[in-house]
Amino acid sequence: MIELGTIPIKDKASIVEARNKIRLLAEDLELGSITSIRIATMISELSRRMLATGQPSVIKVAVDKGKELFELVLEFTPGQACAAIGIKVLEAVFDNVKLSEKADGVQSIKTSKVLLDPQFEPAEEFIERERGLLGRLTREELYLQLKEYSAHLEERVEERTAELQQEITERKEAEAKLQQLSLVLRAIRNVDQLITKEKDRGKLLKGSCDNFVETRGCSNAWVTLLDEFGKLVAYAESGLGKDFLPMVELMKRGQLPTCMQRALKQSAAVVTEAPVSTCTDCPISINYAGRSAAIVRLEYKGKVYGLLSIDVPRELATDAEELSLFHEVATDIAFGLYNIELEERHKQVEEVLQVEKNKLQSLVDAMADGLTIQDRYYNIIHQNEPTRIAFGGDHLGEKCYRAYAGRETVCDGCPVEEAFKDGKSHTAERKTTIAGKVVFWANTASPIRDASGEIVSCLEITRDITERKRAEEALIGLDHMKSEFISRVSHEIRSPLTAIHQFATILLDGLAGDISSEQREYLEIVLRNINQLRVMVNDLLEVNRAETGRLTINPRYVSLAELVSEIIGTFRVTTTKGVLLTTDLPKGLPPIRADPDRVREILTNLIDNAIKFTPEKGRVVIGAEVYKRNPNFVCVAVSDTGCGIHPKERKRIFEYLHQAQNSGVDGRKGLGLGLYICRELVRRHGGRIWLESELEHGSKFSFTLPIYSVANSLAPILTEKNLWIGSIAILTIKVFPIKERPLTVTDKIASQKAWDVVNGCIFPSKDVVLPIMPQTQLGEVFYVVMCADHRDAEVLVRRIRDHLKRCEALHNARLKWTISISMLETALAGSDEPSKEVVKKVEDRIEELVKSV
Amino acid sequence: MKGKKILIVDDDKDVLLGLNVRLRASGYTVASATDAIQAISVAQQEKPDAIILDIGLPGGDGFVVMERLRSLIPLAHIPIIILSGKDPIINREKAINAGAQAFLQKPVDSVVLLQVIRKALGEPKGQMQEKM
């Protein structure tokens, strides 16, 4: 039981207050306007009766609101003259709105007023006192006293009679008033009932007017509705008939009589006691003889709808109670109008919505793409025409995956599922087979939110991309064919090239007899051309790899100095032209992290070019130093004393298929691929390549490669989270020959293989890196650094052992290997930048290990 | 150390002849085969000291030949040098893993070829430094 407080019922004003409070309460509970009005009306009636009769009463109202049932209990106690209002939520659930009324005593109210004289004494006491007196008095005295008493009694009887007469009059008046009040209350009740059931404005107005005339003893009543500019909107009257027409004419012209103008401006009713004699501008006069007119504006929630006018008996015209009731009826009518207006607006909005909905439907059906809307459980709640056509009719209410994909669960990678998860749009491609035909779809899902922002459903656009997919596949096929073709042609060209090369060198070497100097010269030209052709074939293959994404690099620890001297060696073997090839490498040049095969390719290409464009007796220098602008890189440069490159060409020289204008001594342009490949390879190492050149003085091609850094390699595992784990394991893997001997190329390839095997063992884990691969005289050592405890490290070691045992390359090269674990504590988590310290510690430790090997 | 026998396997007859001339000039005895099956039978018959093997061959590629040779005990330890026009990026490692001594791409410089052969035969190095 929720106590809602008590409202003392003392006078009419408090009844109005109680009534309003109940109405607000009913609105709060969303009981609906009909119910709230009914309750309020009942309260008004009951309160008034109680006030008039002084009898206690209880009203119980059971109201069903949705699935909760409220019992409104109203108790009226006359001793305290107040109403207790409470609401009790009942457990029972009823299907329909039920309104039950239990007004104890209300059904048979009897007017009973106890009349008590405060001076009146009980008869027995009086007689006793008189008896005592009798005993003491003489007859004469008694006579005199009796006479006196008789006169007094007579006087008293007269007084009492007058009093009684007065009281009877008062009682009659009260009865009359009560009767009038009863009428008023009935009128209010009728109007309220009218409001609750009447949805037509005209009928409401007319019904209200009729009610006044029929039940309230009014001779006329009229209502006019005016818009905000005072223009007549509607009117109704009762009891006036044709007499009202002059008023209508007046209002149509917008000329309102004084009383109406005044009433519009104030909330209280305007009363004209004698309209016939006092009103000069009222077009109605005929029915007001002996009666007064009251006019009040119809107002609800601050909006004025118009005016209500009635005539009342002159003696009641100034009665406050009467006027407040009149006012109440006006408010109720305004409330009714407000409800009708609300409903009309509702209907209008609904109509507009329907039109918009139809428009949208047409639009959606006219789309080429399929459109469906699904609720959170993937039930199809909307689909457009193209979807119906594509997926064989209506699937409303079915699960999306069942209707469109014939599945029992949500499709893998469903964009709708993704959209529900993160509230963003997602696209996914899907393949379906409809009637034996394969169709590709691009499905885009966008979440739909309600007013509060919650995702309630999802819109999915389905686009048929079969054509595009086919075209793409055809293109990919074509591209693949092209790549295959280039690859095959390049390889097949090698056989004849080899034969030509072989016999040219056989002739040059004099294996087929002596040759003249002229013959030698021509054969050298043949050989030079063969070399050019070989370079072209290699370039073509390399570009093909770059285009098919197979131009991969396998960076590792590389000593640049060793690599450069090795490359220079091959040039000394093959170059016949009189160009001096020298190196300029400082001592202590740091190792780089690069793919040695690719660096060899870059340098070979640049040196080839340099020699080609450098005249005899010229010079080509290969230099390297730590890059000044970024000490994490080494800058390698190939400079020549050749003809230089024109500024216009410098910008485009690294572009795909760019051919030099100023060709080499043979006048050939080349394929325009060499420098493009160089740039691609340098970029894949994370470096850059550029050119400085001066015409007639030579060119300098420079490129950067990253310096080998343990710190950089370790970065992926030295995360804060890992450092908290507390230890790092360093596995040292040594690969060396069974018998002590210098390492051969085969050995190097085999240990590279071992490195790959180890890499393969740890590949899936991000917490493991292979940071270093320095070479030693007696074999190769490399390290695996992992963030883990000793046992994890042992598990990894076991795996690496198993795989190395099966590595044939190591067996064939007659190499053996060992693995050892050393642990390093990283209890540095407290410091601000632990990773730097730990990296330093790990680096130092690896350095120690390297020295100890 | 002249007179060691080298088997050359290549389906290109011109290349075969060129190699033949080059190796004979360097003092080696040469045997030749032009397909996979012939390669095995010639190897069994001639018992060469080293084999120069192409990859692309009729009747089974160079890898098949290598596998077969490795399985025949008297031939299992003959050093094999792969000489092919195929992509070294893909095939070098594969060849080394399959037991080849070296992988050379066509066309090969005769100086380099002779160095590799000498090394395979365990002969002392010539004047040239090994460069690979």
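The values are calculated or read from the model by the stated rules, or taken from the named source; none is laboratory data. Quick caveat, the model's predicted, so the values are computed rather than measured. Cβ coordinates were reconstructed from backbone atoms using ideal geometry, including for glycine residues, and neighbour counts include every protein chain displayed. Note: accessible area is taken over every heavy atom of the protein model, side chains too, but ligands, DNA and RNA are not part of it. Shrake-Rupley method; radii C 1.70, N 1.55, O 1.52, S 1.80 Å.
Once you have a ≥ b ≥ c as the square roots of the Cα gyration tensor eigenvalues for segment A:236-316, tell me rounded if a/c is under 1.5, and otherwise prolate or oblate according to whether a/b is larger than b/c.
Working: a/c = 1.66, a/b = 1.19, b/c = 1.39.
Oblate, because a/c is 1.5 or more while a/b does not exceed b/c.
Using only the heavy atoms of the protein chains and a 1.4 Å probe, how would A:394, A:332, A:210 rank by accessible area, largest first? If you can, show how the numbers build up before the last one.
Working: A:394 90, A:332 5, A:210 40 Å².
Sorted by accessible area, descending: A:394, A:210, A:332.
Given axes a ≥ b ≥ c from the Cα gyration tensor, I'd like to know whether segment A:352-448 is rounded (a/c under 1.5), prolate (a/b larger than b/c) or oblate.
On the way: a/c = 1.70, a/b = 1.23, b/c = 1.38.
Oblate.
Rolling a 1.4 Å sphere over the protein heavy atoms, what is the accessible area per residue of segment B:5-121, to the nearest Å²? Walk me through the intermediate numbers first.
Details: 4480 Å² over 117 residues.
With the other protein chains kept in place, segment B:5-121 gives 38 Å² per residue.
Taking H as built 1.01 Å from N, whose amide H comes closer than 5 Å to the amide H of residue A:219, not counting residues under 5 places away?
Residues meeting the amide H criterion: A:311.
Could you sort A:645, A:476 by their accessible area in this structure, using a 1.4 Å probe and putting the largest first?
On the way: A:645 25, A:476 110 Å².
Highest to lowest solvent-accessible surface, that is A:476, A:645.
Which percent of the accessible area of segment A:389-507 is formed by carbon and sulfur heavy atoms (probe 1.4 angstrom)?
57
Using the Karplus curve 6.51 cos²θ - 1.76 cosθ + 1.60 with θ = phi - 60°, what ³J(HN,Hα) values do you get for each residue of segment A:340-346, in whole Hz, with x for Gly and Pro?
Values, residue by residue: 5, 4, 4, 5, 4, 4, 4 Hz.
In Å² (nearest 100), what accessible area is buried between B and A, both sides summed, heavy protein atoms only, 1.4 Å probe? If you can, show how the numbers build up before the last one.
Working: alone 7240 and 48990 Å², together 53450 Å².
Roughly 2800 Å².
Given H placed 1.01 Å from N in the peptide plane, which residues other than close sequence neighbours of residue A:457 have an amide H under 5 Å from its amide H?
For residue A:457, the qualifying residues are A:448.
Accessible area per residue for segment A:423-514 in Å², computed with a 1.4 Å probe and the full protein assembly in place, what is it? The partial results should precede the final answer.
Working: 5520 Å² over 92 residues.
Dividing the accessible area of segment A:423-514 by its residue count gives 60 Å².
Under a 5 Å amide H to amide H cut-off, with H placed in plane at 1.01 Å, what residues pair with residue B:32 once short-range neighbours are removed?
Hits under the 5 Å cutoff: B:8.
Please name the residues of segment A:486-504 whose accessible area, counted over protein heavy atoms with a 1.4 angstrom probe, falls by no less than 40 Å² between the chain alone and the full protein assembly.
A:491, A:494, A:495, A:498, A:501, A:502, A:503
May I ask you to find the residues of segment B:105-125 that are shielded by at least 50 Å² of accessible area once the whole protein assembly is considered instead of their isolated chain (probe 1.4 Å)?
Checking the loss per residue gives B:106, B:107.
For A:744, A:466, what's the largest-to-smallest order of accessible area, 1.4 Å probe?
A:744, A:466
Of B:33, B:23, B:120, which is farthest along the charge dipole of segment B:5-121 in the positive direction, counting Lys and Arg as +1 and Asp and Glu as -1 at C-beta?
Ranked along the dipole, the leading option is B:120.
Note down the magnitude of the dipole of segment B:5-121 about its Cα centre, charges +1 on Lys and Arg C-beta and -1 on Asp and Glu C-beta and zero elsewhere, to the nearest 20 debye. Walk me through the numbers before you get to the answer.
Details: 13 positive and 13 negative charges, 80 e Å.
For segment B:5-121, the charge dipole is close to 380 debye.
Can you work out the Karplus-derived ³J(HN,Hα) for every residue in segment A:167-177? Use 6.51 cos²θ - 1.76 cosθ + 1.60 with θ = phi - 60°, whole Hz, and x for glycine or proline.
The phi angles translate into 5, 4, 4, 4, 5, 4, 4, 4, 4, 4, 5 Hz.
Carbon and sulfur atoms: what percent of the 1.4 Å accessible area of segment B:5-121 do they account for?
Numbers: 2340 of 4480 Å².
Carbon and sulfur atoms account for 52 percent of the accessible area of segment B:5-121.
Given a cut-off of 18 Å, name the pairs among A:437/A:469; A:753/A:805; A:748/B:94; A:587/A:612; A:231/A:252; A:431/A:469 whose C-alpha atoms lie farther apart than that in the structure shown. The partial results should precede the final answer.
Values: A:437/A:469 14 Å; A:753/A:805 12 Å; A:748/B:94 15 Å; A:587/A:612 29 Å; A:231/A:252 7 Å; A:431/A:469 10 Å.
Listed pairs above 18 Å: A:587/A:612.
Run the numbers for residue A:439 and residue A:203: contour at 0.36 nm per residue of separation, minus the present Cα-Cα distance, in nm. Kindly include the intermediate steps, with their values, before the conclusion.
Details: separation 236, 0.36 × 236 = 84.96 nm, distance 6.30 nm.
Taking 0.36 nm per residue and subtracting the Cα distance, the gain is 78.7 nm.
Putting +1 on Lys and Arg Cβ atoms and -1 on Asp and Glu Cβ atoms, find which of B:107, B:85, B:72 reaches farthest to the positive end of the dipole of segment B:5-121.
Sorting the options by dipole projection puts first B:72.
Name the residues of segment A:541-574 whose accessible area, probed at 1.4 Å, falls by at least 10 Å² once all protein chains are in place instead of their chain on its own?
Buried by the other chains: A:545, A:550, A:566, A:569, A:570, A:573, A:574.
Once you wrap a convex hull around the alpha carbon atoms of segment B:5-121, what is its projected area averaged over all directions, in nm²? Could you put the intermediate results ahead of the total?
Details: hull surface 24.8 nm².
For the Cα atoms of segment B:5-121, the hull's average projected area reads 6.2 nm².
Just report the Cα centroid separation between segment B:12-47 and segment A:491-505, whole Å.
Comparing the Cα centres of segment B:12-47 and segment A:491-505, I get a distance of 17 Å.
Using the charge dipole of segment A:327-420 (Lys, Arg: +1 at Cβ; Asp, Glu: -1 at Cβ; taken about the Cα centre), state which of A:370, A:354, A:327 has its Cα farthest towards the positive end.
Highest projection toward the positive end goes to A:370.
Quick check: pseudo-label points 7 Å beyond the Cα along Cα→Cβ at residue A:825 and residue A:376, how many nm apart are they?
Reported label-point gap for residue A:825 and residue A:376 is 5.3 nm.
Suppose R0 equals 56 Å. What FRET efficiency, 1/(1 + (r/R0)^6) with r the Cβ-Cβ distance, do residue A:748 and residue A:467 give to the nearest 0.05?
Details: r = 53 Å, r/R0 = 0.94.
Efficiency, rounded to the nearest 0.05: 0.60.
Calculate one ³J(HN,Hα) per residue across segment A:619-630 by plugging θ = phi - 60° into the Karplus curve 6.51 cos²θ - 1.76 cosθ + 1.60, and present them in order as whole Hz with x for glycine and proline.
9, 10, 10, 9, x, 8, 7, 5, 5, 5, 6, 9
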